[in-house]
Amino acid sequence: MFVSIIQDIGITSLVSGGLALILVIAQRYLNDYGDCKIDINGKRLITLKGGSSLLNALSENQIFIPSACGGKGSCGTCKCQVLEGGGPLLPTEKPLLTTKEMTGNVRLACQIKVKSDVRIHIPESIFNIRRFQGVVSKIEDYTYDIKGVIITLTEPETIDFKAGQYVQLETPIYAKVRQKVGRAYSISSDPGNDRQIQLIIRYVPEGICTTWVHQYLNEGDQISFTGPYGDFFIRDTSADMIFVAGGSGKAPIKSILEYLSRVGTTRRMRYLFGARTCKDLYLTGEMHAFEQVFDDFEYIPVLSKPCPEENWQGRIGYVMPVFPELITDPANTEAYLCGSPAMIESVKKALIELGVPKDRIYYDSFG
Amino acid sequence: MKQTPQELLVTQRMQPGVITLSGFLGIDQRPLNEIIADDAQTLLRLDITAPEIAERMQYLTDQSQQAYEGGIIIDGSYEVETEITRGKLPCPFLHRGLQRKTVTTCTHLTTGITIRWTALNIHMIKEHGFFEGKGSPFRLEPGTLIKVLFPDAAHRS
Ligand SMILES: Cc1cc2nc3c(=O)[nH]c(=O)nc-3n(C[C@H](O)[C@H](O)[C@H](O)COP(=O)(O)OP(=O)(O)OC[C@H]3O[C@@H](n4cnc5c(N)ncnc54)[C@H](O)[C@@H]3O)c2cc1C
Ligand code: FES
Ligand SMILES: [Zn+2]
């Protein structure tokens, strides 16, 4: 009896052991895609072991496609054109792609597994994007909901960016947040200092990244980001310039002004900053100081609802009615806008009505 | 009610820190389909559909966005303000498109009741009849919503 039980157990173990072995071998066989090649823009060829996502395969080779959800297929920022080898469109991709993108072979790099040779096309600027590690060297309170954060780079130690570009800050796993997410923040410092960057971050209630920055991040903490991204930088012309910003939109304009003050310019520049009350104003002294640096520059804060006790002596209302007074040659004016999508829409409309050419109005179009 | 694999996947995307900081379910332990079904019952009783509610929320949101900044009075009955942050968020129900990061605060001037909603709320109500779980920071009680958005219909309850 005992012997027969032992025999039964032995046979069962042998059978299940055998099955497990077959499964392991099958899995290895099935998941072994061998060496695969990724052809990028017909310019760079990467050879790697197949099996990982296109996003990871590229980032392991120092090519950083923007990604805001850590490759979880929920943000749609990792779009790239896959011309060959992407396989069929996946159910996780469809929600984030437009019909036009689908027909144009646009795919989510984080969802595609590299299983064979792949041919892709990415914008040239992506080749300049790197992952950076840094240390938070300073956090300053600018207003009740805006902080300035200075990051000193550690690996690599320098960054090459154009004034007006942005980085993607990586929020670590913290409190209830169980996965890394990335969020875009404009660099607010001068590209001339390539060892540090400054970001200006406004708190968004119930926001993943801004809650971390405002409530958990401390000076001395390690921080990671990728970048630089974006084409919101000044055009090298002699046209007049009008800057319009609100809230944290001051960040890229500050970077542009610091850059211009270093390289010098004689261009006519006006800067309108729209805010609600005096409590929403920050870096006002620093912005007015540029009036002493440039030949023809004026900083004009405009408050929509100043509190009576603030005794505000400046302009009251919205920024749009001030345009006709400030823009003297609309056809020869470039406009640089940074703020909420609603602000950009109203400002754009007013500028076009005034005669500023549509193709000379610049802003980050990620509403 | 038994959950489908699709519902389990959506529930996973609704956990804190996946799409939003606190997730969408709050302290609600009920399965997703039950949360939706219970709220659908309330709507049935009040004779209002989820798309009708969403349409009203969208109308007030759109009107408030005409104001470059700050709140505005709409139809003499509401003070509404919408704050927009740059960037977009996906819907937890594996659904096409991204929603803007907005928060609309709406005060009904007669009753003084204030409610707030986001672009994602409007989308989830319209497309999925989902008002979020109990205790979620953006849970919208259908009864309160109707009281504010359709004061006449609320008397029927
Ligand atoms: C090119 C670019 C540059 C930018 N530069 C800057 C900058 O310099 N400074 C700056 O401060 N910001 C900047 N931003 C915005 C920034 O990227 C983030 O979008 C912003 O900081 C909010 O991020 P978050 O993770 O805190 O919020 P998120 O978690 O991404 O979103 C918060 C929003 O989610 C919604 N939400 C949360 N919970 C729920 C719920 N339960 N139900 C329904 N809806 C919910 C609400 O609408 C809430 O407002 C920039 C954006 C872009 C695209
Ligand atoms: S990285 Fe977010 S969808 Fe691909
Ligand atoms: Zn949806």
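Considering all different alpha carbon pairs of the range B:1-137, the Kirkwood hydrodynamic radius works out to 15.9 Å. Classify chain A as rounded, prolate or oblate from the Cα gyration tensor: take a ≥ b ≥ c as the square roots of its eigenvalues, call it rounded if a/c is under 1.5, otherwise prolate when a/b beats b/c and oblate if not. Since a/c reaches 1.5 and a/b is larger than b/c, the shape of chain A is classed as prolate. Would you pull out the residues with amide H under 5 Å of A:Tyr33's amide H, same chain only if 5 or more places away, H placed 1.01 Å from N? For A:Tyr33, the qualifying residues are A:Gly50.
The charge dipole of chain A, taken about its Cα centre with unit charges on the Cβ atoms of Lys, Arg (+1), Asp and Glu (-1) only, comes to about 1020 debye.
Over what distance in Å are the Cα centres of the range B:4-82 and the range A:166-234 separated? Using only Cα atoms to place each centre, the spacing works out to 29 Å. Tell me the net charge near A:Val263. Cut-off is 15 Å between Cβ atoms, A:Val263 excluded, with +1 for each Lys or Arg and -1 for each Asp or Glu. Taking every other residue near A:Val263 into account, the sum is -1. Over chain A, dividing the summed -39,500 (n - 2.57) contributions of all DSSP H runs of at least 4 residues by the number of residues returns a 222 nm mean residue ellipticity of -7500 deg cm²/dmol. Summing +1 for each Lys or Arg and -1 for each Asp or Glu, what net charge is found among the other residues whose Cβ lies under 12 Å from the Cβ of A:Tyr362? Once positives and negatives cancel, what remains is 0. Which of A:Ala245, A:Ala289, A:Ala163 moves most in a GNM of chain A, Cα contacts under 10 Å? Among A:Ala245, A:Ala289, A:Ala163, the largest mean-square fluctuation in the Gaussian network model of chain A belongs to A:Ala289.
Rolling a 1.4 angstrom probe over the range A:129-229 with all protein chains present gives an accessible area of which 44% lies on carbon and sulfur atoms. For chain B, relative contact order (Cα pairs under 8 Å, six or more residues apart, normalised by length) works out to 27 percent.
Applying the criteria of a DSSP loop state and at most 14 other Cβ atoms within 10 Å to the trypsin sites (Lys or Arg not before Pro) of the range B:90-131 yields B:Arg96.
Taken along the Cα-to-beta-carbon direction at a fixed 7 Å, the label points for A:Thr266 and A:Ile126 span 4.3 nm. So what's the angle, to the nearest 10 degrees on a 0 to 90 scale, between helix B:50-65 and the longest Cα principal axis of chain B? Between the helix axis and the principal axis of chain B, the angle is about 50 degrees.
GNM on chain A, alpha-carbon springs under 10 angstrom: the most fluctuating residue among A:Arg131, A:Arg44, A:Arg235 is A:Arg44.
Name the residues of the range B:92-112 whose amide N is less than 20 Å from a point 7 angstrom out from the Cα of B:Gln3 along the C-beta direction? Within reach of a label on B:Gln3: B:92-95. Here's how it looks for B:Gly133: its modeled amide H is under 5 Å from those of B:Leu25, B:Gly26, which are all 5 or more places away or on a different chain. Summing charges over all other residues whose Cβ lies under 12 Å from the Cβ of B:Phe24, with Lys and Arg as +1 and Asp and Glu as -1, gives 0.
Counting Cβ atoms of other protein chains within 10 Å of each residue's Cβ and taking the mean over peptide A:196-209 gives 3. Could you tell me which of rounded, prolate or oblate describes the range A:35-126, using a ≥ b ≥ c as the square roots of the eigenvalues of the alpha-carbon gyration tensor, with rounded for a/c under 1.5 and, failing that, prolate when a/b is larger than b/c and oblate otherwise? Cα axes put the range A:35-126 in the rounded bin. Straight-line reach from A:Lys349: taking Cα to Cα under 29 Å and skipping same-chain neighbours fewer than 8 places apart, the lysines in range are A:Lys100, A:Lys162, A:Lys250, A:Lys254, A:Lys279, A:Lys305, A:Lys358, B:Lys88, B:Lys101. A Cβ-based charge dipole, computed about the Cα centre of the range A:240-365 with Lys and Arg at +1 and Asp and Glu at -1, lands at about 260 debye.
Charging the Cβ of each Asp and Glu at -1 and of each Lys and Arg at +1, and nothing else, the dipole of chain B about its Cα centre rounds to 480 debye. On a per residue basis, the protein assembly as shown carries 47 Å² of accessible surface, using protein heavy atoms and a 1.4 Å probe. As an equivalent ellipsoid, the range A:129-229 spans semi-axes of 20, 15, 12 angstrom, where each value is the square root of five times an eigenvalue of the C-alpha gyration tensor, largest first.
Per residue of A:93-103, other chain Cβ atoms within 10 Å of the residue Cβ number 2 on average. Within the listed set A:Thr158, A:Thr99, A:Thr266, the residue fluctuating most in the Gaussian network model of chain A (springs between alpha-carbon atoms under 10 angstrom) is A:Thr99.
Interface of A with B. Using a 1.4 Å probe and counting protein heavy atoms only, the two chains hide about 3000 Å² of accessible surface, both sides summed. Each label was represented as a point 7 Å from its Cα along the Cα-to-Cβ direction; for A:Arg44 and B:Gln12 these points are 3.2 nm apart.
Placing pseudo-labels 7 Å out from each Cα toward the beta carbon at A:Met102 and A:Ala175 gives an inter-label distance of 3.8 nm. Restricting the chymotrypsin sites (Phe, Trp or Tyr not before Pro) of the range A:114-144 to loop positions (DSSP other than H, G, I, E, B) with no more than 15 neighbouring Cβ atoms within 10 Å leaves A:Tyr144.
Spatially, the range B:92-127 and the range A:276-346 are offset by 31 Å when compared through their Cα centroids.
The values are calculated or read from the model by the stated rules, or taken from the named source; none is laboratory data. Just so we're clear, the structure is a prediction, and the values are computed from it rather than from any experiment. Glycine gets a Cβ as well: all are built from the backbone with ideal geometry, and neighbour counts include every protein chain shown. Remember, those area values only see protein heavy atoms, side chains included, never the ligands or the DNA or RNA. Shrake-Rupley method; radii C 1.70, N 1.55, O 1.52, S 1.80 Å.
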